[in-house]
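Student: What follows is a single structure, and I will ask about it in a moment.
Every read-out reported here was derived from the displayed coordinates using simple, explicitly stated rules and does not represent laboratory data. Note that the structure is predicted; figures quoted are calculated from it, not measured. Heads up, the Cβs are rebuilt from the backbone with ideal geometry, glycines too, and the neighbour counts pull from every protein chain shown.
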């Protein structure tokens, strides 16, 4: 899947996230290629199983010769390539604060202040673009870290058990799991449903918590 395609999906999800009413009964619906899907909040047992799998995966990575912790990775990046991830993360936090300030300015404008509204929207667009580029850069540098890989594994498992598709059976509409097992999720090729599923589930869990 191309980077452009992934960015397009992220932009679409960000637009949806502006509408909290899309979350109904701890579920979030989305469509891919005209088909209806949804993600639901994991129950306590599923969360426990996900944590167990995450811990086991983390132990496996710790035993691997080619693994590295986030702390050591940051130190290595700074010493070998002069890349300061901590500073990049501070910059990201600053961008978040800038975005909030512009949002605050925007919501206080009167409806007839069209020029001011358009100006704020344009500023938000620039800030979001720069923020997303910074997120991509941080992610690119930190992906090899054990903690990051373990968290991705955790969310992958939850995505595999909490993503459902809308199907018709015997003239009745029902919801079925997209992937029968976690192994099935891991071995099947990447798809839009995978990307959307994880993105929407992450948002759902953050919103409910």
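Student: Quote the relative contact order of the chain in percent (integer), defining contacts as alpha-carbon pairs under 8 Å separated by 6+ residues.
Tutor: It comes to 32 percent, rounded to a whole number.
Student: Can you classify the stretch 105-209 as rounded, prolate or oblate using the Cα gyration tensor, where a ≥ b ≥ c are the square roots of its eigenvalues, rounded means a/c under 1.5, and otherwise it's prolate if a/b beats b/c and oblate if not?
Tutor: Numbers: a/c = 3.14, a/b = 1.52, b/c = 2.06.
Oblate is the answer for the stretch 105-209, as a/c is 1.5 or above yet b/c matches or exceeds a/b.
Student: How big is the C-alpha Rg of the chain next to the rule-of-thumb value 2.2 N^0.38 Å, as a ratio?
Tutor: On the way: Rg = 20.0 Å, N = 209, 2.2 N^0.38 = 16.8 Å.
Cα-based Rg divided by the globular estimate yields 1.19.
Student: Right, next: For a protection proxy built on the mean count of beta-carbon atoms within 10 angstrom, sort 41-52, 167-178 highest first, please. List each step's numbers first, then the result.
Tutor: On the way: 41-52: 14.1, 167-178: 10.2.
The densest-packed peptide leads the list: 41-52, 167-178.
Student: Do the sum for the chain: with -39,500 (n - 2.57) for every DSSP H run of n ≥ 4, divided by all residues, what is the mean residue ellipticity at 222 nm, to the nearest 500 deg cm²/dmol?
Tutor: It lands at -22500 deg cm²/dmol.
Student: Going by C-beta contacts inside 10 Å, put 32, 107 in order with the fewest on the left.
Tutor: Working: 32 16, 107 8.
Ascending Cβ contact count within 10 Å gives the list 107, 32.
Student: Tell me, 155, 60 in order of fewest to most beta-carbon neighbours within 10 Å? Numbers along the way, then the final one.
Tutor: Working: 155 18, 60 13.
The most exposed by this proxy come first: 60, 155.
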